[in-house]
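Here's the structure, in structure tokens; my notes come after.
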Amino acid sequence: MYALVPGGSRGIGRAVCVKLAKMGYNVLINYMSNDAAAEETLAMVRAEGTDGELLKFDVSDAEASKHALEAWQAAHEGEYIEVLVNNAGIRKDNLLVFMEPDDFQRVLTTNLFSFYNVTHPLIESMIRHKYGRIVNMASLSGLKGLPGQCNYSAAKGGLIAATKALAQEVARKNITVNAVAPGFVKTDMVEGLDEAELKGQIPMRRFGEAEEVANLVGFLASKEAGYITGEVININGGLYS
Ligand code: NAP
């Protein structure tokens with residue numbers, strides 16, 4: 001049983017890799033550049049008694065993604081990736097008035113176009129095998145919109161809409177497609193945010209842990225969650241619903 005986690009080297013993605021390993025999956029860890037972190041995640045996956053593989057490619061690059069996934073498939077005849085957690089993401093915050101075109105574009109290609117780049121090469125085999133679980137890592141920003149994040153909100157909002165559309169396309173093939181929308185989660189991505197100030201706005205008075213998000217992803221990726229599809233599940237300590 002194979003699962004692919006784009007952005008699996010660090011943060012939420014790493015915790016998801018470990019969770020899927022605990023569930024018995026052989027985990028394919030995608031990442032962009034941080035070899036040391038990816039190796040560490042692989043060791044954590046193996047410590048759960050299953051195996052894993054590093055798949056380094058830029059999910060914002062359609063050709064690179066297709067090439068890497070086709071190469072994996074060619075090397076694993078008869079196998080298929082049944083769980084996909086589209087988690088890779090970046091943010092480049094700025095008020096729109098100051099935002100450079102490249103910062104808008106990079107965030108869209110990495111957080112949204114990556115959904116197409118990675119899901120498209122895999123969806124056909126899920127359909128053929130009549131089973132699949134896709135979980136897309138959205139954000140509170142994609143539901144509510146956050147100032148300073150027009151790019152990120154647009155990308156995550158688009159991802160949520162794509163989740164709902166694809167869910168309806170593949171439901172009868174026993175493939176579920178859901179999104180998870182975290183609030184503030186303690187990872188490298190929130191470095192530089194003023195946690196002491198922000199947590200005052202969160203009813204639970206704390207940032208979330210990557211493992212808490214991973215537990216939710218694990219449930220959505222499980223067989224037990226088979227009748228949940230096209231949903232966006234908030235995980236934000238009560239910040240917004
Ligand atoms: P993170 O700690 O910054 O980790 C980002 C991961 O994405 C890393 O594994 C990174 O690989 C990978 N990545 C970035 N660009 C990539 C690319 N072009 N191709 C392949 N991999 C790429 O982030 P995080 O906080 O865990 O966030 C994970 C997801 O949750 C993101 O989609 C983020 O938008 C979403 N999210 C996070 C929060 C939060 O508060 N943390 C809240 C809501 C939503 P390298 O290690 O190689 O750089």
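The values are calculated or read from the model by the stated rules, or taken from the named source; none is laboratory data. The structure presented is a predicted model; accordingly, all values stated were derived computationally and were not measured. Positions of Cβ are generated from backbone atoms using ideal geometry, with glycine treated the same way; all protein chains shown enter the neighbour counts. These area figures cover heavy atoms from the full protein model, side chains too; ligands, DNA and RNA do not enter into them. Shrake-Rupley method; radii C 1.70, N 1.55, O 1.52, S 1.80 Å.
Using unit Cβ charges (K, R positive; D, E negative) and no other charged atoms, how large, in debye to the nearest 20, is the dipole of segment 2-235 about its Cα centre? Please list the in-between numbers first.
Details: 23 positive and 29 negative charges, 170 e Å.
Using only the charged Cβ atoms, the result is roughly 820 debye.
Can you give the alpha-carbon Rg of the chain over 2.2 N^0.38 Å, where N counts its residues? Could the numbers behind the result be given before it?
Numbers: Rg = 16.9 Å, N = 241, 2.2 N^0.38 = 17.7 Å.
Relative to the 2.2 N^0.38 Å estimate, the chain comes out at 0.96.
Number of Lys pairs in segment 1-154 with C-alpha atoms less than 23 angstrom apart, excluding same-chain neighbours closer than eight positions?
Numbers: K19/K56; K22/K56; K56/K66; K56/K92; K66/K130; K92/K144.
Eligible lysine pairs with Cα atoms under 23 Å apart amount to 6.
Go through F207, Y131, L159 and say which Cα lies farthest out towards the positive end of the charge dipole of segment 124-214; charges sit on Cβ, +1 for Lys and Arg, -1 for Asp and Glu.
Result: Y131, furthest along the dipole toward the positive end.
For segment 149-227 and segment 128-143, what is the centre-to-centre distance using only Cα atoms, to the nearest Å?
Between the Cα centre of segment 149-227 and that of segment 128-143, the gap is 9 Å.
Hey, what's segment 2-235 come to in accessible area per residue, 1.4 Å probe, Å²?
Numbers: 10900 Å² over 234 residues.
Dividing the accessible area of segment 2-235 by its residue count gives 47 Å².
Tilt of helix 11-22 relative to the longest C-alpha principal axis of the chain, in degrees (0 to 90, nearest 10)?
Roughly 30 degrees between the two axes.
Tell me which residues come under 5 Å, amide H to amide H, from M23 once H is placed; ignore anything under 5 positions away on its chain.
none
Using only Cα atoms, tell me the angle between helix 150-170 and the longest principal axis of the chain; keep it within 0 to 90° and round to the nearest 10.
It is inclined by approximately 30 degrees.
Rounded, prolate or oblate: which fits segment 143-225 when a ≥ b ≥ c are the square roots of the eigenvalues of the alpha-carbon gyration tensor, with rounded for a/c under 1.5 and prolate only if a/b beats b/c? Before the final figure, lay out each step's value.
On the way: a/c = 3.05, a/b = 1.61, b/c = 1.89.
Because a/c hits 1.5 or more and a/b fails to exceed b/c, segment 143-225 counts as oblate.
Considering only protein heavy atoms and a 1.4 Å probe, what is the carbon-and-sulfur percentage of the accessible area of segment 2-235?
Accessible surface attributable to carbon and sulfur in segment 2-235 totals 53 percent.
Taking just the alpha carbons, could you work out the radius of gyration and Dmax for segment 71-143, both in angstroms?
Cα-based Rg and Dmax for segment 71-143 come out at 15.9, 51 Å.
Helix 35-47 sits at what angle to the longest principal axis of the chain, using alpha carbons and giving 0 to 90 degrees rounded to 10?
Around 60 degrees separate the two axes.
With each run of n ≥ 4 DSSP H residues scored as -39500 (n - 2.57), what mean residue ellipticity at 222 nm is computed for the chain after dividing by its residue count and rounding to the nearest 500 deg cm²/dmol?
Working: 9 runs with 104 residues, N = 241.
For the chain, the value works out to -13500 deg cm²/dmol.
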